[in-house]
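Structure record follows, encoded as structure tokens.
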Amino acid sequence: MRNKMSKNRKTDIFGKSLTCDFVGGPVNHRLRYGGGRGQDLARAAGLKPGVNPHIIDATAGLGRDAFLLASLGAKVTLIERSPMMYGLLREGMERARAAGGATAQVIARMRLIIGDSIALLPELAPEIILVDPMHPARQKSALVKAEMRQVREIVGVDEDQLDLMKVALSNASKRVVLKWPAKASPMAGLLPCSHQVIGKSTRYDVFMLP
């Protein structure tokens, strides 16, 4: 999630503190029972047995996609430009390291940096880039989870998402994966993707690079 946060924004906007938890909850459940490399994101990223690429999550947010990819063996660099989201991620990763065991082993394959992906990607020589921009709120706001509303309040909407995609496509050596609402039209301004991996609410538009 990339847009700059509003000043003095608190994490308890909706009455519940927003945290980044890699030790318990849905992240831990996904680690234990998620389905391995057969999961949609893993397939979109091209993870195969014996192949552990370097993946850059250019819109890190709460780090859950990055954690999943790292749990499957990939080395993942997370980029987050919101200072508040960066702080939540850093604290969550520190707690996961302290917990030890399998969770700490996954965190060891994750590197977090703060900054703007548009500026940083040309310096990082990535193989694969994951882009998950913050989308405008649905008209039926009740359908949006409270946690996602909290994140949106912090980071806003990624108005420069097309610029980010263009930079990603110019700098990845193997593929760019765009995480997008399953029923949404393709991002305007891009050439058609190579293929898609489509789930119930989310799809991954995969751009293979020569």
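Every read-out reported here was derived from the displayed coordinates using simple, explicitly stated rules and does not represent laboratory data. Model, not experiment: these values are computed from the prediction. FYI the Cβ positions are ideal-geometry reconstructions off the backbone, even for glycines, and counts take in every protein chain you see.
A few notes on this one:
- Around the amide H of Cys20, modelled in the peptide plane, lie the amide H atoms of Gly92, all under 5 Å away and 5 or more residues distant in sequence or on another chain.
- Order of Lys179, Lys166 under a 10 Å beta carbon neighbour criterion, fewest first: Lys166, Lys179
- Lys-Lys pairs in the stretch 38-208 that are eight or more residues apart or on separate chains and whose Cα atoms lie under 28 Å of each other come to 24.
- Volume per residue for the stretch 38-208 equals 120 cubic angstrom (convex hull of Cα atoms).
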